[in-house]
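One structure below.
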Amino acid sequence: MKLSKSKVNQALDMLAKEATVLVPMIVDGVSKFAPWGTEGKLALDIVNTLLPPKDALFPQTEKMYKYKVSAETAEVKEITDSDKQVVFGLRSCDMHSIDCMDAVFLTKGYVDNFYSRKRENLTTIAINCTKSNPTCFCDSMGVDPNNAASADMQLIDIGDAYVVEARTEKGKAVEALWQPLLEAGEGTATPISCELKLDMAGLPAKLRGMFESDIWDDGYQACIGCGTCTYICPTCYCFDINAENHGQEGVQFRCWDSCMFSEYTRMAGGHNPRPSKKERLRNRFMHKLAYFDERYNKNLCAGCGRCVVNCPVNIDITRFIEKVKEVPVNG
Amino acid sequence: MVEIERECSCEKNPLVPQVCQIVEITDETPDIKTFKVKTMEGTKPFAPKPGQLGMFSLIGIGEGMFSITAQGEDYLDFAIKKIGMLTDALHEVKPGKQIGLRGPYGNTFPTEGCKGKNMLFIGGGIGLAPVRSFIRYAFENRKDYGKIDIVYGSRTPADLCFKDDLFKNWPAMPDTEVHVTVDKGDENWNGHVGFVPAFVEELNFSPADTIVVLCGPPIMIKYCAQSLKKMGFADDQVVTTLEMRMKCGIGKCGRCNIGSKYVCLDGPVFTMAELADLPAEY
């Protein structure tokens, strides 16, 4: 079945009656996933949005529980709100990022209930890429820009319409809802690949042996510790937990944190195991390209290129990967 | 050679604390207090294994991860040093204060793998707090372990933690020796004076059939590890615990990683052999 591009607005209207539908939009000049029906211009043709859709599952600030305290007593009440959400039009790189967050928040002993409630209520509708940006390198990271394998539904852009492929129960429910809009039709898109190619073969294992390498001595100096790379990264998931007091009541919340900030690892008493930008940048690149692979068997880099484009001092993970390749194997 | 045991599970939301109550506060040293905690119903909040951690909160002020130094039928004990914002506030509270508690977190001391072995427990300063959970377990299951040696040191006699255990309870246990040292004595101190690593070498323990549990300030761990190596202890005979800044306690929030391991989940207990395979970033 296919959905004519002229009926996308209607399709989104139908979904929006049942859920908050996050779509790529340009809002005040910033491209991001915003709720359909709010101010902004639908932007299904841009390759990837400046801000990824990760906050659908992992909000920048998320309330965890309310509390009341007095000099002696304390009360705690968990916040369990979670609405139905659809992310429409996400790219394979952003779907890969959701796969990474699923691995973090849903496996290895503990399920994160705040995440899992949102995840159960989320439907993902991916669209294949028909072009890539010069800074895109997702296929080097094991991501297929033509197909987001784990999405609930894949839309395949065939020019004037999208071929609809529902892959899960959630995806089939969307297809059923759209039935009045769909037409018979098949089609394929011409597969694309990224121009920027990186050789990742053996890189995670090589990097694991390079913790003490002098490769880290160069490049971190430019970093201004702004945290932009981590905030716009679709796979960065680190968070802080804090309290917001209003008199005797308050809310415990978590919010995005950044491994590029010194406070991130600074302990009570002052000891900091990653005291300078050198250790922090090393940890960020190692986490993306080696540690995460070791723990979850995936790259914690989706190859979306957002950090490459937006780092104010041009620290570039792709140039770093090329540099690592040049280091002699036992170096 | 000893294997570290790792398991974890949680039925409730692991990030939401249960409200508990501080029922008793003991001054251990000028800057360490032990807080005895029960649920509001007067029961034990949860049943940790030796070495496991609890996330302890003054709700609205902050949360911190602490080792659980002791437990009984209906309580958990946390020995906490005054060192920062949360612990400063904690040292001001009175018994009866309701607090938040979640856990238990982390892996455990290898109580099973050490069965039948001689045990050498080495602690420095507040580092005795985690080691003590295993010492108490070993005494509760005395027949499972061979000879027990406990080496403990602090800066001054006033800084010695758990004095009743050190000078009364533990020396009275069968086949047990307690060796106490201070960096600097005072006019009433008749015991040993000197740093823990040198003291350990002086005591000249045999590595035969012995497992070491070592915990203290990083510098003490480093030099003790060197001393033990000189004495013939292999890296997989020495068990230690690590500390990092923690927020979630369940291996999600990111900050306590050492390489691909999370101290809150894969630790805090590691053998020296395991640490040799990790980046030295702690």
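So A:Y115 clears everything in (1) at pLDDT below 95; (2) among the hydroxyl-bearing types (S, T, Y); (3) surrounded by 19 or more Cβ atoms within 10 Å (Cβ to Cβ) except one condition, right? Which one?
Single failed check for A:Y115: (1).
When residues of region A:239-260 are filtered for being in contact with a helix residue (DSSP H, G or I) (Cβ under 7 Å, 6 or more places away or on another chain) and facing chain B (nearest Cβ under 8 Å), how many remain? If you could, list the steps in order and put the result at the bottom.
The first filter runs over region A:239-260 and keeps only residues in contact with a helix residue (DSSP H, G or I) (Cβ under 7 Å, 6 or more places away or on another chain), leaving A:256-260.
Checking which are facing chain B (nearest Cβ under 8 Å) leaves us with A:257, A:259.
Counting residues in region A:239-260 that are in contact with a helix residue (DSSP H, G or I) (Cβ under 7 Å, 6 or more places away or on another chain) and facing chain B (nearest Cβ under 8 Å) gives 2.
Those residues that are more than 19 Å from A:H287 (Cβ to Cβ) and within 14 Å of the chain's Cα centre (by Cα), I need them from region A:95-114; list them, please.
Once the filter is applied, which keeps residues that are more than 19 Å from A:H287 (Cβ to Cβ) and within 14 Å of the chain's Cα centre (by Cα), region A:95-114 yields only A:M95.
Name every residue in region A:24-45 that is surrounded by fewer than 15 Cβ atoms within 10 Å (Cβ to Cβ) and either among the charged types (D, E, K, R) or closer than 22 Å to A:I156 by Cβ (or both), in order of residue number.
A:D28, A:E39, A:K41, A:D45
Determine which single condition B:F167 fails, assuming it passes every other condition in (1) assigned to a helix (DSSP H, G or I); (2) more than 30 Å from B:G116 (Cα to Cα).
With respect to (1) assigned to a helix (DSSP H, G or I); (2) more than 30 Å from B:G116 (Cα to Cα), B:F167 is out only on (2).
Do you know which residues across region A:199-209 are of a type outside the set (D, E), in a loop (DSSP other than H, G, I, E, B) and surrounded by fewer than 18 Cβ atoms within 10 Å (Cβ to Cβ)?
Quick first cut of region A:199-209, residues of a type outside the set (D, E) only: A:200-209.
In the following step, the residues that additionally are in a loop (DSSP other than H, G, I, E, B) were identified as A:200-202, A:209.
Once the filter is applied, which keeps residues that are of a type outside the set (D, E), in a loop (DSSP other than H, G, I, E, B) and surrounded by fewer than 18 Cβ atoms within 10 Å (Cβ to Cβ), region A:199-209 yields A:A201, A:G202, A:G209.
Determine which member of the set B:G96, B:G116, B:G100, B:G60 is in contact with a Phe, Trp or Tyr (Cβ under 8 Å, 6 or more places away or on another chain), facing chain A (nearest Cβ under 7 Å) and part of a loop (DSSP other than H, G, I, E, B). Can you show your working first?
Numbers: B:G96 fails: in contact with a Phe, Trp or Tyr (Cβ under 8 Å, 6 or more places away or on another chain); B:G116 fails: facing chain A (nearest Cβ under 7 Å); B:G100 fails: part of a loop (DSSP other than H, G, I, E, B).
Result: B:G60 is the single residue among B:G96, B:G116, B:G100, B:G60 that is in contact with a Phe, Trp or Tyr (Cβ under 8 Å, 6 or more places away or on another chain), facing chain A (nearest Cβ under 7 Å) and part of a loop (DSSP other than H, G, I, E, B).
Taking B:E281, is it part of a loop (DSSP other than H, G, I, E, B) and closer than 14 Å to B:G124 by Cβ?
Numbers: part of a loop (DSSP other than H, G, I, E, B): yes; closer than 14 Å to B:G124 by Cβ: no.
Judged against the criteria, B:E281 is not a match.
Check B:K82 against each of (1) surrounded by fewer than 22 Cβ atoms within 10 Å (Cβ to Cβ); (2) touching a strand residue (DSSP E or B) at 6+ places or on another chain (Cβ under 7 Å); (3) touching a residue at least 40 places away in the same chain (Cβ under 8 Å) and name the one condition it does not meet.
Every listed condition holds for B:K82 apart from (2).
Quickly run through region A:294-315 and pick out the residues that are surrounded by fewer than 17 Cβ atoms within 10 Å (Cβ to Cβ) and charged (D, E, K, R).
Step one: filter region A:294-315 for residues surrounded by fewer than 17 Cβ atoms within 10 Å (Cβ to Cβ), giving A:294, A:297, A:309-310, A:312-314.
Answer for region A:294-315, where residues must be surrounded by fewer than 17 Cβ atoms within 10 Å (Cβ to Cβ) and charged (D, E, K, R): just A:E294.
Consider region B:234-266. How many of its residues are outside any helix (DSSP H, G or I) and either away from every other protein chain (no Cβ under 13 Å) or more than 17 Å from the chain's Cα centre (by Cα) (or both)? Walk me through how you get there before you give the answer.
Here is the first cut: in region B:234-266, the ones outside any helix (DSSP H, G or I) are B:234, B:238-266.
Keeping just the survivors that are either away from every other protein chain (no Cβ under 13 Å) or more than 17 Å from the chain's Cα centre (by Cα) (or both) gives B:234, B:238-241, B:247-248, B:250-262.
The qualifying residues number 20.
Do we find that B:G72 is within 14 Å of chain A (Cβ to nearest Cβ) and of a type outside the set (D, E, K, R) in this structure?
Numbers: within 14 Å of chain A (Cβ to nearest Cβ): no; of a type outside the set (D, E, K, R): yes.
No; evaluated as a whole, the condition is false for this residue.
Taking the condition of being surrounded by fewer than 15 Cβ atoms within 10 Å (Cβ to Cβ) and either assigned by TED's automatic domain parsing to the domain that holds B:A70 or out of contact with any Lys or Arg (no Cβ under 8 Å at 6 or more places or on another chain) (or both), how many residues in region B:178-190 meet it?
Total satisfying the criteria: 4.
Scan (1) of a type outside the set (D, E); (2) touching a Gly at 6+ places or on another chain (Cβ under 6 Å); (3) in a loop (DSSP other than H, G, I, E, B) for the single condition A:V163 breaks and write down its number.
Condition (3) is where A:V163 drops out.
If you check B:K147, B:K143, B:K163, B:K115, which single one turns out to be under 18 Å from B:W189 (Cβ atoms) and either among the basic types (K, R) or out of contact with any Lys or Arg (no Cβ under 7 Å at 6 or more places or on another chain) (or both)? Working first, answer last.
On the way: B:K147 fails: under 18 Å from B:W189 (Cβ atoms); B:K143 fails: under 18 Å from B:W189 (Cβ atoms); B:K115 fails: under 18 Å from B:W189 (Cβ atoms).
Only one candidate qualifies: B:K163.
Go through region A:35-85 and give me each residue that's within 15 Å of the chain's Cα centre (by Cα) and either within 14 Å of chain B (Cβ to nearest Cβ) or in contact (Cβ under 8 Å) with a residue 40 or more places away in the chain (or both). Working first, answer last.
Residues of region A:35-85 that are within 15 Å of the chain's Cα centre (by Cα), as a first pass: A:47-60.
Matches in region A:35-85: A:V47, A:N48, A:L50, A:L51, A:P52, A:P53, A:K54, A:A56, A:L57, A:F58, A:Q60.
The values are calculated or read from the model by the stated rules, or taken from the named source; none is laboratory data. Every value quoted in this text rests on a predicted model; they were computed, and no experiment measured them. Note that we place each Cβ from the backbone using ideal geometry, even for glycine, and neighbour counts take in every protein chain shown.
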